[in-house]
Amino acid sequence: MVDDLVTHHQLKGLTYHQLLDSLGEPSNYGESDGTLRYLIMEDFESDIDPVHGKTLDLTLGLDSVVTAYKVTKW
């Protein structure tokens, strides 16, 4: 689903409010580092600590418009 989003939809140039309308609240809501992070997937093993994950990270410019994005695996 995220592959379709970044391939077929223009993310750069969207405003903060357009992102909220399309994707909802980001996972890191309230942090003010200029990056919005959406959790895509998180894997757990036998305890409560996640061992793998994937996020969609969107960088906002000073005018609250998306200037860059990347999918990060950890």
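The values are calculated or read from the model by the stated rules, or taken from the named source; none is laboratory data. Here the structure is a predicted model, which is why all the values come from computation and not from measurement. Methodologically, a virtual Cβ is constructed for each residue, glycine included, from the backbone with ideal geometry; neighbour enumeration extends over all protein chains shown.
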With criteria (1) aliphatic (A, V, I, L, M); (2) surrounded by 10 or more Cβ atoms within 10 Å (Cβ to Cβ); (3) at pLDDT below 85, L36 comes up short on (3)
Before we move on, is E31 modelled with pLDDT under 95, surrounded by 10 or more Cβ atoms within 10 Å (Cβ to Cβ), out of contact with any helix residue (DSSP H, G or I) (no Cβ under 8 Å at 6 or more places or on another chain) and not aliphatic (A, V, I, L, M)?
yes
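With of a type outside the set (D, E, K, R), at positive phi and touching a strand residue (DSSP E or B) at 6+ places or on another chain (Cβ under 6 Å) as the only criterion, which of G61, G24, G34 stands out? Before you say what the answer is, go through the steps one by one.
On the way: G61 fails: at positive phi; G24 fails: touching a strand residue (DSSP E or B) at 6+ places or on another chain (Cβ under 6 Å).
G34 is the lone residue from the list that is of a type outside the set (D, E, K, R), at positive phi and touching a strand residue (DSSP E or B) at 6+ places or on another chain (Cβ under 6 Å).
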Could you grab me the full set of residues in the range 1-19 that are modelled with pLDDT of 90 or more and either on the phi > 0 side of the Ramachandran plot or under 11 Å from the mean Cα position of the chain (by Cα) (or both)?
L11, G13, L19
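Just to check your reading of the model, which residue among K70, K54 is surrounded by 15 or more Cβ atoms within 10 Å (Cβ to Cβ), of a type in the set (K, R) and under 17 Å from T7 (Cα atoms)? Show your work before the answer.
Numbers: K70 fails: surrounded by 15 or more Cβ atoms within 10 Å (Cβ to Cβ).
From the options K70, K54, the qualifying one is K54.
Residues checked against (1) among the aromatic types (F, W, Y); (2) part of a loop (DSSP other than H, G, I, E, B):
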{"position": "V6", "(1), (2)": "no, no"}
{"position": "D21", "(1), (2)": "no, no"}
{"position": "Y29", "(1), (2)": "yes, yes"}
{"position": "L36", "(1), (2)": "no, no"}
{"position": "D43", "(1), (2)": "no, no"}
{"position": "I48", "(1), (2)": "no, yes"}
{"position": "L56", "(1), (2)": "no, no"}
{"position": "D63", "(1), (2)": "no, yes"}
{"position": "V71", "(1), (2)": "no, no"}
Output the residue which, of all residues in the range 39-58 that are in contact with a strand residue (DSSP E or B) (Cβ under 7 Å, 6 or more places away or on another chain) and of a type in the set (D, E, K, R), is modelled with the lowest pLDDT.
E45
